[in-house]
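Asker: Take this structure first; my questions come after.
Please treat every number below as a calculation from the coordinates, not as lab data. Since the structure is predicted, the reported quantities are computational estimates derived from the model, not experimental observations. FYI the Cβ positions are ideal-geometry reconstructions off the backbone, even for glycines, and counts take in every protein chain you see.
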Amino acid sequence: MNSFGLTLTQSELMTQQCPAPNDSALEQATAGTLVGIVSYIKLDNGHYQILSRYEEDLWVFPASKGTKSASKSDLNYSFSSISDPQMKLMAKWVVWNKLKEDLAAGSIRSCLNTLRSYFLWVNSSETIVAHGLTAFTSSTYVKHVNACTIKRGGEMKPFSSTTKRARFRALENLYCYCKDFDFVKEHPWVDSCSGEQAANIGEELQEARKRSKTPIIPDEVLKPLCQFTKSYIDRVDELLALRDKLDAFVPTSTSNNVGWQIHQKRKYLQSISPKHERLFDFNKDLCLLRDSCIFWLLLTTGMRVHELLGIKRGAYRSETRDGVTYYYIESVSTKTHTGMAEWIVPEIAIQAIDILERYSLPFQEQLESDLIKAKANNDHMEVHRLKEISNHICLSVDSNKGNAVIILSGHAISGTRLPILCEQVNSNWNLSAHQFRRTFANYAVHSELGDLRALKDHFKHWSITMTVLYAFNDNLDAELFEELLREKYLVEEEIKQDWFELDMPITGGAMAQKIMQVRGDGELIKVFGSLSAMAKAFSSSIPIRSTGIGWCTNDDECKCGKPDNCESGIVDKRHLPYWGGLLVQQMKLIHLDDIGEAGRAAAKKGMERCENVLTALGVNVQAMKQEINQRENIEVINV
């Protein structure tokens with residue numbers, strides 16, 4: 001009999017709880033006699049409501065067990081699809097052990113899914129069922145998984161090494177926890193492990209960790225998204241004022257005909273906002289306003305989606321240091337059991353939170369009303385759910401569940417809302433929430449290296465100061481700081497590797513000349529085995545910092561600002577736009593009437609400097625000057 005909904009006192013709960021994993025409990029689990037309460041919630045009166053028991057095939061967990069981005073289905077673990085009784089007992093025992101190890105809900109769900117996949121494969125062959133878990137059957141499973149494919153990017157591809165490792169870890173879990181079951185005969189692989197079986201170990205694993213699989217959102221996608229979403233943030237007062245008027249509108253007809261009331265509301269909307277022909281159009285704009293705020297929070301914080309969804313009203317603070325104001329957002333991080341943490345953000349992120357607070361106010365009011373009703377109906381599960389999401393800024397309603405107030409799920413954001421944003425700017429980029437985390441790190445690193453790229457107007461305080469704040473503030477997201485350092489390593493390595501490529505033009509002082517000499521030394525390349533290996537060996541000890549128009553490799557922080565002729569300076573193709581801009585400036589200066597001969601001579605000297613650098617970088621300077629003349633209407637003067 002399903003026990004869901006039964007209420008117990010604390011003493012009754014203690015006597016009926018499923019025992020923690022131990023030898024006695026294992027013996028009962030093996031025999032199929034282990035029973036007891038698995039999950040429950042505490043009520044306001046001090047009693048407890050039972051959600052699920054060990055002997056049941058569906059284990060239901062409360063909202064507090066998962067992250068804020070988790071959907072209801074993420075918190076339900078079903079064993080009913082495992083048909084074999086002994087296999088079901090093993091799956092339950094493994095999951096129960098993982099629960100007691102305080103593993104995250106998503107990790108436990110993944111563990112159960114990989115067990116299901118393995119048992120489904122086992123049951124496809126009577127021979128394997130008879131043999132059970134042995135080294136031989138495990139090697140057969142490895143061959144099976146290696147032959148499996150999945151659709152990615154429109155084509156069928158083999159499983160990634162990470163997916164394979166998760167599949168193979170299911171066998172290790174069975175051996176670790178279920179050795180007393182008849183099915184488990186021996187270790188799945190002698191002197192090996194799931195990572196090695198998946199070719200995800202040793203040097204290959206280290207290299208994989210250096211190469212992030214999460215793509216950076218490209219500038220050609222990010223820039224129009226920023227412009228589009230910022231345009232909605234700028235319309236916040238207009239859109240929310242319209243919503244308030246519509247909410248206050250009372251149909252003139254006393255008829256209970258819903259269709260007629262909607263018709264009147266639509267007519268009223270058209271009278272106060274001619275640009276909105278339909279209620280659907282206005283509701284779409286409201287959703288895009290909310291999505292725009294979420295976009296900017298993801299982009300400017302580096303938060304995971306569940307951390308963003310955990311932000312509550314007023315959960316930010318500011319402080320001023322040396323005349324610069326820094327803003328901090330507070331939320332809960334459950335990924336690494338960090339708990340309450342902070343993220344340093346630019347002002348636009350605070351603006352986004354304020355907008356979401358205003359946007360979600362009607363949902364919060366409905367939530368409070370629903371909470372009163374749930375308490376009156378003794379609906380303890382609903383009371384618990386509503387309390388868990390109360391005062392969060394990403395509230396919404398679920399039209400499939402009678403417009404119940406919910407928090408947006410991570411699936412909805414990555415699977416629906418972010419792709420809709422891309423559609424608005426005619427982009428087919430497969431945008432997901434986690435891409436923002438690496439994009440954030442990449443922009444922060446470029447900021448530290450003197451290049452704010454497309455968002456320089458909004459990332460006003462992104463500098464080495466921010467990195468220092470993350471390094472020395474224990475309240476800030478420590479793992480995000482590691483992501484920043486990791487991205488910094490990747491960006492610097494990419495820059496330095498380019499210097500050693502034979503077809504990469506560089507110029508500058510003694511350091512640039514030395515690099516060009518080394519990269520052309522065929523005998524030296526043979527010693528290292530490859531140009532890439534030689535580049536890594538030489539570049540590992542080269543410090544790098546941006547001067548804006550070049551790189552400085554002086555670890556004493558030379559501040560001459562002339563990387564084109566300083567002995568520590570290097571200029572590469574990344575700096576072409578800056579030197580092209582400098583050339584335009586000098587060409588304009590030469591034609592000014594009020595700078596005198598000395599000023600004109602300085603401008604000619606500056607133009608000569610620009611021409612030398614651009615020529616060294618492979619630019620046809622005369623053609624560039626002609627193009628500038630046509631674009632800027634500046635007479636070409638040769639120096």
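Asker: How about region 256-359: which chymotrypsin sites (Phe, Trp or Tyr not before Pro) there are in a DSSP loop, with at most 12 other Cβ atoms within 10 Å of their Cβ?
Answerer: Of the chymotrypsin sites (Phe, Trp or Tyr not before Pro), not one in the loops of region 256-359 has a Cβ with at most 12 other Cβ atoms within 10 Å.
Asker: Also, quick follow-up: With the cut-off at 30 Å, tell me which of the pairs K488/K573; K98/K387; K164/K312; K164/K401 have Cα atoms farther apart than that.
Answerer: Over 30 Å Cα-Cα: K164/K312; K164/K401.
Asker: When the Karplus curve 6.51 cos²θ - 1.76 cosθ + 1.60 is applied with θ = phi - 60°, which whole-Hz ³J(HN,Hα) does each residue of region 362-376 get, with x for Gly and Pro?
Answerer: Working through the residues one at a time gives x, 5, 5, 5, 5, 4, 5, 5, 5, 5, 4, 5, 5, 5, 5 Hz.
Asker: Calculate, for S110 and T615, the FRET efficiency according to 1/(1 + (r/R0)^6) with r their C-beta to C-beta distance and R0 60 Å; round to the nearest 0.05.
Answerer: Working from the Cβ atoms, E equals 0.60.
Asker: Counting only GluC sites (Glu not before Pro) that are in a DSSP loop and have at most 11 other C-beta atoms within 10 Å, tell me the longest site-free stretch of the chain.
Answerer: Result for the longest clean stretch: 102-556.
Asker: Using a Förster radius of 51 Å, what is the FRET efficiency between E494 and L120 based on their Cβ-Cβ separation? Nearest 0.05, please.
Answerer: 0.75
Asker: Enumerate the lysines that K275 could reach by cross-link, defined here as Cα to Cα under 18 Å, with residues fewer than 8 away along the same chain left out.
Answerer: In chain and number order, the partners are K245, K265, K267, K284.
Asker: Now a separate question. Enumerate the residues in region 104-139 having an amide nitrogen under 13 Å from the point lying 7 Å beyond the Cα of E186 toward its Cβ.
Answerer: Hits in region 104-139 for E186 at 13 Å: 132-139.
Asker: Hey, rough spin-label estimate for K179 and L286, points 7 angstrom out along Cα→Cβ, what's it come to in nanometres?
Answerer: 6.0
Asker: Right, next: If the chain between A623 and L58 were fully stretched, how many nm would it gain, using 0.36 nm times the residue separation less the Cα-Cα distance?
Answerer: 196.1 nm
Asker: Among S318, S273, rank each residue by its count of other Cβ atoms within 10 Å, from fewest to most, as a rough exposure measure.
Answerer: S318, S273
Asker: Which lysines does K157 reach when only Cα atoms under 16 Å apart count, and residues fewer than 8 places away in its own chain are ignored?
Answerer: K143, K213
Asker: Would you mind getting me the FRET efficiency between A598 and A510? Use the beta-carbon distance for r and R0 = 35 Å, nearest 0.05.
Answerer: Approximately 0.65, to the nearest 0.05.
Asker: Starting from 0.36 nm per residue, how many nanometres of slack lie between I372 and H411 once their C-alpha separation is accounted for?
Answerer: Separation in residues times 0.36 nm, less the Cα-Cα distance, equals 11.1 nm.
Asker: Still on this structure: Obtain the nm distance between the two label points defined at C560 and H263 by a simple spin-label model: each point lies 7 Å from its Cα along the Cα-to-C-beta direction.
Answerer: Rounded to a tenth, the inter-label distance reads 8.2 nm.
Asker: Note down the relative contact order for the chain as a percent, whole number, built from C-alpha pairs under 8 angstrom at least six residues apart.
Answerer: 9
Asker: I would also like to ask the following. So what is the 222 nm mean residue ellipticity for the chain from helices alone, if each DSSP H run of at least 4 adds -39500 (n - 2.57) and you divide by all residues, rounding to the nearest 500 deg cm²/dmol?
Answerer: Value at 222 nm, helices only: -16500 deg cm²/dmol.
Asker: Using a 7 Å offset from the Cα along the Cα-to-Cβ direction at both V324 and I544, what is the distance between the two label points in nm, to one decimal?
Answerer: 2.3
Asker: Taking only C-alpha pairs under 8 Å that are 6+ residues apart, what is the relative contact order of region 219-440 in percent?
Answerer: Relative contact order here is 21 percent.
Asker: Here is a follow-up. Got the relative contact order for region 373-441 handy, in percent, Cα pairs under 8 Å and 6 or more residues apart?
Answerer: 17
Asker: Using a/c under 1.5 as the rounded threshold, could you call region 577-632 rounded, prolate or oblate? The axes a ≥ b ≥ c are square roots of the C-alpha gyration tensor eigenvalues, and prolate needs a/b larger than b/c, oblate otherwise.
Answerer: Judged from the Cα gyration tensor, region 577-632 comes out oblate (a/c at least 1.5, b/c at or above a/b).
Asker: Moving on. Separation of region 578-611 and region 280-340 by C-alpha centroid, Å?
Answerer: 46
Asker: Using only the alpha-carbon atoms of region 219-440 as identical scatterers, what base-10 log of I(q)/I(0) does the Debye formula give at q = 0.12 Å⁻¹?
Answerer: Treating every Cα as an identical point scatterer, log10 I(q)/I(0) equals -0.74.
Asker: Give me the number: length gained by fully extending A147 to H434, i.e. 0.36 nm times residue separation minus the C-alpha to C-alpha distance, one decimal in nm.
Answerer: In short, 100.5 nm is gained.
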